[in-house]
Structures are given as structure tokens and as C-alpha cells.
Amino acid sequence: MTRRATGRSWRTRPGLLLLGIGLVVAVELVAMAILGVLPPASSPSDGFSSSVPPFVRDRDAGGRETWAVHPARRHSFTDQRFPVERPDGSALVFVLGGSSVYGYPHGAEFAFPARVERALRTAHPDREVYVVNQGGMSYGSGRLRLLASQLMAYRPDVVVIYTGHNEFVEADVARLLPPGGALDAALRPIRRLALYRLGERLLTPALPSTHRTGGSEFGIDVRRREVRAVQGHDVTEAADRLSANLSEIVRLVREGGATLVLCTVASNLADWRPENSAMAPDLAPLTVLDIALHIARARPLVADGRDEAAARELEAALQLDPGYAALAFDAARLEHRLGRAEAAGALYTRARDDDPTPIRAPTALNAAVRDAAVATGAVLVDVERAFASAAADGIPGKQEFLDYCHPSDTGHELIARLLVPEVEASLGLPTTDRPALHPPGLEPAAPEVTDGFALWWQGNVELRQGRAVRAEELLRQAVALKPSSARPLVSLAQALRQQGRLDEAVEASRRAVELEPESVMALNSLGLGLGLSGQSDDALAVLHQAVDIDPAASSVHLNLGAEHLRRREPALALVHLDGAAQLQPNIQGAWRNIGLAQLLMDDADAAAAAFLEELRRDPIDRRAAVRLSEAAAEVGDLEIAARAADLASLLTP
């Protein structure tokens, strides 16, 4: 009996051990969930796992043992190397940031960290200086804080931080990163447990397959948070998060014995319209129409070259709604053309800062960087102010940027020239008056664009600027170079639709869906094209397939609503149009179609309210103005009807 009991005990002991381990893991993970720091299934920490080191040991072409970027991170980071055993007198510099540091869309050799390394090696040939690009796609200060905590193990001499543009797309990371204090201290032991790290890695793999949707050069590891309606308090919270993360990075770098250099970030003011804009929601209906009338009156004045008179109209509109970002940008353009650079710069800055979809760092975030440098004694390189000083009229634009924030060759050159003397001083090297940022004999020049990813990105920039023919040319090249990726085909379809070539657009979208049948982007493009081509049943089938994959895709709901409206199915149309408006509050087109659906349901009062909401978002939507005039007259609101009719008459087809 005893022997059988002992045998049974030994047989059950592994099971009990596994049960015990499982309970410990469960307790750890439940504790993290209760404390609000455990990543859910759709985790903002996707693309960053603390159990995956930044580098792995490898050998270079000469057989020397090097640290190389971990394979699991090569979607978000460029392939960088530096020796495991550094020579005496050598120096290691890490440059941390987002896609601007990465060199997007051209890559690391185009980016300012590579230029800094070339300059230092040319000026100081007796010192081996390794400047390692640690720009992660879509990385903001939260992820950089995590990254910095790992990088200090490699004993850098200098750490440079260039961050600010991605603070909103990774806002949810704050839930995973309590910024210091008692809670942070309490959580550290839990995070360090091997079992927690195992559970974290199992729950948040470094390369989630759901995000490898466009081939190796068209996917990134990080899950970007969609930002559509940022308000003032959101900016304040983002600035506070940035300050807290920078303070923690300062602590980590100093404990590691390195020098920290903080940089403000620059953005395209003169040549990038706000992404998303609407009038204030609390404006009275007549005020909305008055603003729209001022804008409508300005348009023919601009066309006739009467910029001064047009500027007065837009200034009157801004008096009624100072926070309307698109209006501020248009007013800035006029002031710029009139040679009033100071007024133009202030308006451009306001347009950027009031953009409800902030893909460029607003003023408050750069102020947080400056304050952090003062408070901690870190070295400050004020890139934003340097760009303003270098730009024509003091307003950075397309000369300094490829798009909204990614530097051009000129921009990277400027940042490198700012950083070289600061890095030299940090390393105790004599400073160079005019650092050589390129190999001897090579003149500075932007690289020839032969990469499919870069061509796709430039094609999208052309689309954003309304240049569909040029976009088509670039995107066809991208498709030829990346025939297995759906993204350039989807963008090509958009360029073709803008030119009215619907059959070709549908064909491009079909090819995209064949490559990636689960791509919501490709399905939405195909459904839109089919609907515009009159193939309604097929369009609905494809769009429903897309919304089943991603129920929160606002553009799919918008297209479904439009298709049901074309079929005169207003109740079904309203389901999707209301969804689109809730998911993306400033989306254009949704409210006009909501109004049309309400008219089909004989609710003129609701229709009038919807048309007014559309004019808040797009004050030159003539169809919304015409329909508002009719609906308001039907319900007896004659003042609104008359004002809307005046607006419609100014907005000639």
C-alpha cells in the first residue's frame, strides 16, 4: 500500500508542479490586469516584447563578432551592427526615435544618424565612433522608454532622443507604463519575474501575424492607435506623459553613465494641411453658416488674385471660430503670399496645433522636451527652432520635409550638423566647424528612389496633395517592384478613381484582394469601386466581408451607407452612416448622406440638422448647402433656409 501510494505521489508530482506554475502565472497575469498593465489581445505593446533583446550576436562579412538587430524587430528597425568587443578609445552613440530617425521612407543610410557617424569618423579618424540608429516605426516616448532600459546594457557613451510626433498614436502605452512613483516601484518585481515575462511573450508576440499585411517592406510591428478627435485635454495629457517618460529615460541613461541629448522635433508647416478639421461643435447654426459664407466669398477673390480682400474674409471667419484648423491653414497661405511671414507662421502653427488628428507634434510637446532638458540638465538640441531659422521666411515646408514630418535630404543634413558638435563635446572630442556628412568627393543628394516602399509612400503623398497623375506614375513603379504587396495596388486604385477610370480601379483592387483576401483596405477599395461602377450587389457583398473582419473600420461603414443610400434603403444606410460618424467624428460625407437618408424617411428636421453637421466639417459642400436650404424651408426655419441658399449660390458647381 505504501509503495503504491509513493508511486502515485511521484506520478502526480509533475502534474502538481505544472498546476502550481500555472497558478503562479495566472496570479501574476491577473495582478497585472487588475493594475491595468497587462496587454489585452489587441495590445498597444504589439511590436515590443521585453523578453526580446534589441540585438543578437552575429558576425559581419569580415568574421568579427557583432551585435545585430534582433530578427524579430527588423520590421520596425533598420539593420544595424556594432562590434561586441569595441576597440579601446571607441565610442558608442544610440539615436532613439520614430520613423524620422529611421530614415523613412528611404532607410538608415539616408537618415541623420548615419550622417553624424560619417562626419565623426572623417573628422576624428583616430577614434572609432559607432552611431547606431534605433529609430522604431511609430515609436513614441513610451516605447522608447522601454527600449532605453534595454539599450543601457550595451554601455553607450551618448544617447540621443528625437521624439514627439508619435505621442498620440501610442497613447494606450501609458496604461502599460506607470510613469514612476509607488505604483511603478510595486510593479517592477512582477515585471521581472521570469514567469511573467513568459506569459507576456506568449500573449504579446514580437511579430503579430495579423500585422504582416503588406509584405516585409509594407508592414510594421507596432499597432498604431487611430487618433481622430484630439482635444485640448488630450494634448495636456500627452505632454505630461512625454515629460514623465523623458524623466525616466534621463534616469536610466545617467545610471548607465552616458550623456543624454534631447531634441525637439520639426514639422512641415507651410505645405501640409491639417489632417482632419471641423468647426467647434457648440457654434450656433447661423454662425456655422456665416463662417461658411466668409470662406465661400474668399474663393473667387483668391482666383482673381485679390488676396488682401480674401484674407479679410478668412480673418472674419477665424474671429467666429479661432480653433478651426483648416481655416487657419488657408488664412496662413494667404498671409504667406502677401509677404506677412510672421502672421503666416503664427497661423500655420495654429493650424498644426488645432488639428484633431495630430500626426505632427504640437507646440506643447516640444515645450515639454525643452522643459525636461532644463529640469534635468540634459543637453538640448532645439531642432524645431533651427529649422525655422534655416527655412525661407522662417516657415519650414517642402524644402525641409518629404511629407508632414519626415525630413528631406536638406532636413536630415541640418539635424546632423546640429548634432555633430554636441556629440563631439559629449565625447570630449574637439569640435568641427563644418562637419563632413558625406564621404569625400560625394556631394549631398537625395537617393534615387528605386525602392518599392519609398515609391509607394511618395505616391501617397502625391495623392494627399491631389496630384493623381503623378501619383499613378509612382504607384505603378511601386507595384512593379513589389508585385506581392496589396498596398501599392490599393493606392493605385485610389489614383485611378480620382481620374474617373473606374474599371481600371476595380481591376487594381481585385488584384489587391487576390494577394491579401483578409485585407480590409483592399476589400474596402474593391467595394467602393464596384459601387461607383453600378455593381451594387457585388459591392455590398465585398464591403460586408470587410466590416466583418474589422467592425470599427469607419471608411467601410461610410461606403456601405452610401451604397444602401444609392439603393434607396435609408434605414440600412443610417445604421452604417451613424456608425461611421461615431467612429470618426470629423469624417466628411457621412453627415450629408445621413441627411439624404433622413429625407427619404420624411424627417426634414433631422435632415436639416445633419446637413448643418456636414457643413461644420466641409463648409464648401454645395450639395449639403442646397439640401439644408430645402429642408430648413420645409420645417419653417426661413432664416437658416435663406442663409444656406446664399451659400449654395456662392458655391457654383
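Quick check, is Ala373 open to solvent by less than 10 Å² (accessible area, probe 1.4 Å), touching a Gly at 6+ places or on another chain (Cβ under 8 Å) and closer than 24 Å to Ser243 by Cα? It is false that Ala373 is open to solvent by less than 10 Å² (accessible area, probe 1.4 Å), touching a Gly at 6+ places or on another chain (Cβ under 8 Å) and closer than 24 Å to Ser243 by Cα.
All of (1) open to solvent by less than 40 Å² (accessible area, probe 1.4 Å); (2) closer than 25 Å to Leu318 by Cβ hold for Glu248 with one exception: (2).
Modelled with pLDDT under 95, surrounded by fewer than 22 Cβ atoms within 10 Å (Cβ to Cβ) and small (Gly, Ala, Ser): does that describe Gly232? Judged against the criteria, Gly232 is a match. Looking at the range 387-400, can you tell me whether even one residue there is over 19 Å from the mean Cα position of the chain (by Cα) and over 19 Å from Trp272 (Cβ atoms)? Scanning the range 387-400, I find at least one residue that is over 19 Å from the mean Cα position of the chain (by Cα) and over 19 Å from Trp272 (Cβ atoms), so the answer is yes. Which of the residues spanning the range 616-639 are surrounded by fewer than 24 Cβ atoms within 10 Å (Cβ to Cβ), in contact (Cβ under 8 Å) with a residue 24 or more places away in the chain and closer than 25 Å to Leu301 by Cα? Of everything in the range 616-639, those that are surrounded by fewer than 24 Cβ atoms within 10 Å (Cβ to Cβ), in contact (Cβ under 8 Å) with a residue 24 or more places away in the chain and closer than 25 Å to Leu301 by Cα turn out to be Arg616, Arg617, Asp618, Ile620, Asp621, Arg622, Arg623. Quick check: anything in the range 361-368 in contact (Cβ under 8 Å) with a residue 60 or more places away in the chain and either on the phi > 0 side of the Ramachandran plot or touching a Leu at 6+ places or on another chain (Cβ under 7 Å) (or both)? Yes, because at least one residue in the range 361-368 is in contact (Cβ under 8 Å) with a residue 60 or more places away in the chain and either on the phi > 0 side of the Ramachandran plot or touching a Leu at 6+ places or on another chain (Cβ under 7 Å) (or both).
State all residues of the range 469-506 that are among the basic types (Lys, Arg), without any contact (Cβ under 8 Å) to a residue 60 or more places away in the chain and either assigned to a loop (DSSP other than H, G, I, E, B) or farther than 16 Å from Trp456 by Cα (or both); if no residue qualifies, say none. Once the filter is applied, which keeps residues that are among the basic types (Lys, Arg), without any contact (Cβ under 8 Å) to a residue 60 or more places away in the chain and either assigned to a loop (DSSP other than H, G, I, E, B) or farther than 16 Å from Trp456 by Cα (or both), the range 469-506 yields Arg497, Arg501. In contact (Cβ under 8 Å) with a residue 60 or more places away in the chain and assigned to a loop (DSSP other than H, G, I, E, B): is that true of Arg127 in this structure? Judged against the criteria, Arg127 is a match. Residues considered: Arg297, Arg340, Arg352. Of these, the only one that is out of contact with any helix residue (DSSP H, G or I) (no Cβ under 6 Å at 6 or more places or on another chain) and over 28 Å from Ser243 (Cβ atoms) is Arg340. Checked against the criterion of being in contact with a His (Cβ under 6 Å, 6 or more places away or on another chain), surrounded by fewer than 23 Cβ atoms within 10 Å (Cβ to Cβ) and in a helix (DSSP H, G or I), the range 320-341 has no qualifying residue. Of the listed requirements (1) assigned to a loop (DSSP other than H, G, I, E, B); (2) open to solvent by 10 Å² or more (accessible area, probe 1.4 Å), Asp355 misses just one: (2). Can you find a residue in the range 306-319 that is within 30 Å of Ala606 (Cα to Cα) and not aliphatic (A, V, I, L, M)? So far as the range 306-319 goes, yes, one or more of its residues are within 30 Å of Ala606 (Cα to Cα) and not aliphatic (A, V, I, L, M). Just a yes or no: is a residue in the range 170-188 in a loop (DSSP other than H, G, I, E, B), modelled with pLDDT of 95 or more, of a type outside the set (Lys, Arg) and open to solvent by 10 Å² or more (accessible area, probe 1.4 Å)? No: zero hits. Just one of the listed residues (Ile594, Ile587) is touching a helix residue (DSSP H, G or I) at 6+ places or on another chain (Cβ under 9 Å), at pLDDT below 95 and open to solvent by less than 40 Å² (accessible area, probe 1.4 Å), and it is Ile587. The set of residues from the range 76-123 being part of a helix (DSSP H, G or I), open to solvent by less than 10 Å² (accessible area, probe 1.4 Å), more than 27 Å from Ala361 (Cα to Cα) and touching a strand residue (DSSP E or B) at 6+ places or on another chain (Cβ under 7 Å) comprises just one member, Leu120. Using the structure shown, decide if Asp603 is open to solvent by 20 Å² or more (accessible area, probe 1.4 Å), farther than 17 Å from Gly531 by Cβ and without any contact (Cβ under 8 Å) to a residue 24 or more places away in the chain. Yes, satisfied. With the requirement that a residue be in a helix (DSSP H, G or I) and either under 21 Å from the mean Cα position of the chain (by Cα) or touching a residue at least 40 places away in the same chain (Cβ under 8 Å) (or both), what does the range 369-385 give you? Those that are in a helix (DSSP H, G or I) and either under 21 Å from the mean Cα position of the chain (by Cα) or touching a residue at least 40 places away in the same chain (Cβ under 8 Å) (or both): Val369, Arg370, Asp371, Ala372, Ala373, Ala375, Thr376, Val383, Glu384, Arg385. Scan the range 507-525 for residues that are open to solvent by 10 Å² or more (accessible area, probe 1.4 Å) and either among the hydrophobic types (A, V, I, L, M, F, W, C) or assigned to a helix (DSSP H, G or I) (or both) and the total you get is 9. From the list Thr264, Thr259, Thr287, Thr213, the lone residue that is of a type in the set (Ser, Thr, Tyr) and either modelled with pLDDT under 95 or open to solvent by 60 Å² or more (accessible area, probe 1.4 Å) (or both) is Thr213.
For the range 80-108, a tally of residues being more than 22 Å from the chain's Cα centre (by Cα) and of a type outside the set (A, V, I, L, M, F, W, C) returns 9. Within the range 532-547, the set of residues being surrounded by 24 or more Cβ atoms within 10 Å (Cβ to Cβ) and within 19 Å of Glu569 (Cα to Cα) comprises Ala539, Val542, Leu543.
Picking from residues in the range 301-319 that are among the charged types (D, E, K, R) and touching a Lys or Arg at 6+ places or on another chain (Cβ under 9 Å), the one that is surrounded by the fewest Cβ atoms within 10 Å (Cβ to Cβ) is Asp307.
The values are calculated or read from the model by the stated rules, or taken from the named source; none is laboratory data. Values in this document were obtained by computation on a predicted structure and should not be read as measured data. Virtual Cβ from ideal backbone geometry, glycine too; neighbours counted across all protein chains shown. Ligands, DNA and RNA are excluded from the accessible area calculation, which covers all protein heavy atoms including side chains. Shrake-Rupley method; radii C 1.70, N 1.55, O 1.52, S 1.80 Å.
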